[in-house]
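K.L.:
My questions will all concern the structure given below.
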Amino acid sequence: MSENKPGKVTLEKLVSLCQRRGFIFPSSDIYGGLSGCWDYGPVGVELKRNIKETWWRNNVRERDDIVGLETSILMNSKVWETSGHIKSFSDPLVDCKSCHQRWKADDLTENKCPACGGELTEERMFNTMFKTFVGPVEEEAAVVYLRPETAQGMFVNFANILNTSRKRLPFGIAQQGKSFRNEITTGNFIFRSREFEQMEIEFFVKQGTDEKWFEYWVNERLNWYIKLGVKKDHLRLEQHPKEKLAHYARACTDVAYQFPHGWAELEGIANRTDYDLKVHSAASGKSMEYFEDETKEHFIPYIIEPSAGVDRAMLAIMCDAYDEEPDKDEIRVVFHFHPDIAPIKVAILPLSRKENLATFAKDVYTTLRPCFTTQYDDSQSIGRRYRRQDELGTPYCVTLDFQSLEDNMVTIRERDSMNQIRVPIATLKSILLAKLAGEDFLVLPEGGKKVEKEEK
Ligand code: ATP
């Protein structure tokens, strides 16, 4: 039964599981979708929020030197004129003269159409910013753009933040939010889409300390993925050669991940020098200078920018969490998500729908809900319910049986080892908190005991 042998993760398997279990759907699905756009379902939205919240907690709440910001998606078009996006945020586009498919010239290895082998047109530059209009009249004066990155909102707020937060260098601004790019070709699931979400930090430093801070952020960001369960072997740093750097950048290193379609950028860390603040200061006439009390110097800070994509982070995390294990004659599919980002932390599974047990189980559910994202499931066999929770990546299942009504004990089953322990209900909340925080599963509370492992 070759199809019942555990195998490696592929994009096809992920897409199908994501759709089946409510992680991700094609956008406008009932109308045939919209290419490069995706909808995050009930479980996907929890996973995505948890990734964003972990990033926010680690980079904003747990640090003294970074503050948060949320700027609008639509901005004065002068921002994009000054940043150079209107002139040069473009990709080289070629058309196939036979089948008329469009390609990004950078992606092609040969000078012929990858779909039909036809002859290609000359390259022409295609601006990937989405244009729209402010106000009711579609006139040129009212053109605005959907932002293609969140960074510019932070640059143009530099003085506001400096004056209100009273931060001293080095310090950073962090922002998460939607960005839009009219990519010539999209694909590889949520890896490249036209509407996506970014998590960016602009870290302001004094020139001369920029190289040290650049190294610091490259390591910091690489380790962040490892802490969230991305495998070290699937990550590597790719330094951009000097001749390929954007004209304003002094250095750029990508954190690349080995996606099922190959190695590709997960996040970019750039040393953007003082370019951004300088150009915005010159174009707006507003000072972007920093005054250093100790030296009495005025200067424009350098910027180190770690720029990550939420959707790409989620894809990498899903790829490495995905596992297939032999399970009797079948395969157990499981997402080994880190507890911090698992979409559902605890499932409450009563062994029967009988009223007395259901009332009891609902009580436990109500007690746990304020503390954890909890799911109540009383349909189908317990084995099926475990498999369903495995596919959602739920770290702990709590089962209640008729014995529970007598002895006030419940069984907790761990997703990864499938070990089971039986614990007094009074201790359940604190035990789950401890286990989710990393305590060894077989450490028992007073009155607790190990029970027979679920049979594989
Ligand atoms: P690529 O070379 O893959 O197009 P990029 O170098 O243009 O990426 P940046 O401008 O550095 O990307 O954007 C920072 C991050 O935003 C990327 O590392 C990626 O995680 C995310 N990102 C950029 N474009 C997209 C997209 N079209 N879909 C999903 N995520 C994206």
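K.L.:
Exactly one condition in (1) over 31 Å from the mean Cα position of the chain (by Cα); (2) in contact (Cβ under 8 Å) with a residue 60 or more places away in the chain; (3) buried (at least 18 other Cβ atoms within 10 Å of the Cβ) is not met by Asp329; state its number.
P.N.:
Of everything listed in (1) over 31 Å from the mean Cα position of the chain (by Cα); (2) in contact (Cβ under 8 Å) with a residue 60 or more places away in the chain; (3) buried (at least 18 other Cβ atoms within 10 Å of the Cβ), Asp329 misses just condition (3).
K.L.:
Are there strands (runs of 3 or more DSSP E) fully within region 270-309 with at least 1 residues that are surrounded by fewer than 18 Cβ atoms within 10 Å (Cβ to Cβ) and away from the ligand (no atom under 16 Å from the Cβ)? List them.
P.N.:
Details: elements: 290-292, 297-299, 302-309.
Qualifying strands (runs of 3 or more DSSP E): 290-292, 297-299.
K.L.:
Of the conditions (1) assigned by TED's automatic domain parsing to the domain that holds Pro306; (2) among the polar types (S, T, N, Q); (3) touching a residue at least 60 places away in the same chain (Cβ under 8 Å), Ser77 clears all except one; give me its number.
P.N.:
Exception for Ser77: condition (1).
K.L.:
Then there is this: Determine whether Ser72 is on the phi < 0 side of the Ramachandran plot, modelled with pLDDT of 90 or more and touching a Cys at 6+ places or on another chain (Cβ under 8 Å).
P.N.:
So Ser72 does not fit the description; no.
K.L.:
If you check Leu235 against the conditions, is it surrounded by 13 or more Cβ atoms within 10 Å (Cβ to Cβ), of a type in the set (A, V, I, L, M) and away from the ligand (no atom under 14 Å from the Cβ)?
P.N.:
no
K.L.:
Can you tell me how many residues within region 364-383 are part of a loop (DSSP other than H, G, I, E, B), within 12 Å of Lys345 (Cα to Cα) and in contact with a strand residue (DSSP E or B) (Cβ under 6 Å, 6 or more places away or on another chain)?
P.N.:
1
K.L.:
Pull up region 168-186, narrow it to residues that are of a type outside the set (A, V, I, L, M, F, W, C) and within 14 Å of Ile303 (Cβ to Cβ), then point me to the one that is nearest to the chain's Cα centre (by Cα).
P.N.:
Residues of region 168-186 of a type outside the set (A, V, I, L, M, F, W, C): 168, 170, 172, 175-179, 181-183, 185-186.
Filter once more, so that each one left must be within 14 Å of Ile303 (Cβ to Cβ): 170, 172, 175.
Numbers: Pro170: 26, Gly172: 20, Gln175: 13 Å.
Here the residue is Gln175.
K.L.:
Can I ask one more? Report, by residue number, each residue of region 147-185 that is within 16 Å of the ligand (Cβ to nearest atom) and aromatic (Phe, Trp, Tyr).
P.N.:
Across region 147-185, the qualifying residues are Phe155, Phe180.
K.L.:
If Ala246 passes every condition in (1) more than 16 Å from the ligand (Cβ to nearest atom); (2) under 25 Å from Ser193 (Cα atoms) but one, which one does it miss?
P.N.:
With respect to (1) more than 16 Å from the ligand (Cβ to nearest atom); (2) under 25 Å from Ser193 (Cα atoms), Ala246 is out only on (1).
K.L.:
Kindly list, by first and then second residue, each pair from a residue in region 141-163 that is over 14 Å from Ser281 (Cβ atoms) to a residue that is of a type in the set (Lys, Arg) and part of a loop (DSSP other than H, G, I, E, B), limited to pairs with Cβ atoms under 9 Å and residues at least 6 apart or on different chains.
P.N.:
Leu146/Arg181; Pro148/Arg181; Glu149/Arg181; Gly153/Arg147; Ile161/Lys167
K.L.:
Need pairs with beta-carbon distance below 7 Å; first residue more than 18 Å from Ile201 (Cα to Cα) and within region 241-268, second among the hydroxyl-bearing types (Ser, Thr, Tyr) and within 13 Å of the ligand (Cβ to nearest atom); sequence gap 6+ or separate chains.
P.N.:
Listed by first residue and then by second, the contacts come to Ala264/Tyr257.
K.L.:
If you don't mind, another one. Need the failing condition index for Val218 against (1) outside any loop (DSSP other than H, G, I, E, B); (2) surrounded by fewer than 19 Cβ atoms within 10 Å (Cβ to Cβ), just the number.
P.N.:
Here Val218 clears every test but (2).
Yes/no per residue for (1) surrounded by fewer than 18 Cβ atoms within 10 Å (Cβ to Cβ); (2) under 19 Å from Arg194 (Cβ atoms); (3) charged (D, E, K, R); (4) out of contact with any helix residue (DSSP H, G or I) (no Cβ under 7 Å at 6 or more places or on another chain):
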{"position": "Phe25", "(1), (2), (3), (4)": "yes, yes, no, no"}
{"position": "Tyr31", "(1), (2), (3), (4)": "yes, yes, no, yes"}
{"position": "Ser35", "(1), (2), (3), (4)": "yes, yes, no, yes"}
{"position": "Tyr40", "(1), (2), (3), (4)": "no, yes, no, no"}
{"position": "Leu47", "(1), (2), (3), (4)": "no, no, no, no"}
{"position": "Asn50", "(1), (2), (3), (4)": "no, no, no, yes"}
{"position": "Glu53", "(1), (2), (3), (4)": "yes, no, yes, yes"}
{"position": "Glu62", "(1), (2), (3), (4)": "yes, no, yes, yes"}
{"position": "Ser83", "(1), (2), (3), (4)": "no, no, no, no"}
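K.L.:
What is the one condition in (1) closer than 28 Å to Tyr248 by Cβ; (2) of a type in the set (Asp, Glu); (3) loosely packed, with under 14 Cβ neighbours inside 10 Å; (4) at pLDDT below 95 that Glu122 does not satisfy?
P.N.:
(1)
K.L.:
When region 367-379 is examined, which residues are found to be over 15 Å from Asp401 (Cα atoms) and either aromatic (Phe, Trp, Tyr) or free of Cβ contacts under 8 Å to residues at least 60 places away in the same chain (or both)?
P.N.:
Matches in region 367-379: Arg369, Pro370, Phe372, Thr374, Gln375.
Conditions tested, residue by residue: (1) within 21 Å of Thr366 (Cβ to Cβ); (2) in the same structural domain as Leu351 (by TED's automatic domain parsing); (3) surrounded by 15 or more Cβ atoms within 10 Å (Cβ to Cβ).
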site: Ile412; (1), (2), (3): yes, yes, yes
site: Arg415; (1), (2), (3): no, yes, yes
site: Met418; (1), (2), (3): no, yes, yes
site: Leu436; (1), (2), (3): yes, yes, yes
site: Glu439; (1), (2), (3): no, yes, no
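K.L.:
So, in region 420-433, how many residues would count as being among the hydrophobic types (A, V, I, L, M, F, W, C) and surrounded by fewer than 15 Cβ atoms within 10 Å (Cβ to Cβ)?
P.N.:
Count: 2.
K.L.:
For region 386-439, how many residues are among the polar types (S, T, N, Q) and either under 29 Å from Met314 (Cβ atoms) or in a strand (DSSP E or B) (or both)?
P.N.:
So the answer is 7.
K.L.:
Further, regarding this structure: Within region 249-260, count every residue that is within 14 Å of the ligand (Cβ to nearest atom) and more than 18 Å from the chain's Cα centre (by Cα).
P.N.:
Residues that pass the stated criteria total 4.
K.L.:
Follow-up. So which residues in region 100-118 are outside any loop (DSSP other than H, G, I, E, B) and without any contact (Cβ under 8 Å) to a residue 40 or more places away in the chain, if there are any at all?
P.N.:
Within region 100-118, Ala105, Asp106 meet the criteria.
K.L.:
Here is a further query. Quick check, is Ala115 away from the ligand (no atom under 13 Å from the Cβ) and assigned by TED's automatic domain parsing to the domain that holds Asp293?
P.N.:
Details: away from the ligand (no atom under 13 Å from the Cβ): yes; assigned by TED's automatic domain parsing to the domain that holds Asp293: no.
It is false that Ala115 is away from the ligand (no atom under 13 Å from the Cβ) and assigned by TED's automatic domain parsing to the domain that holds Asp293.
K.L.:
Of all residues in region 186-206 being assigned to a loop (DSSP other than H, G, I, E, B) and over 22 Å from Thr10 (Cβ atoms), which is nearest to the ligand (Cβ to nearest atom)?
P.N.:
Arg194
The values are calculated or read from the model by the stated rules, or taken from the named source; none is laboratory data. Note that the structure is predicted; figures quoted are calculated from it, not measured. FYI the Cβ positions are ideal-geometry reconstructions off the backbone, even for glycines, and counts take in every protein chain you see.
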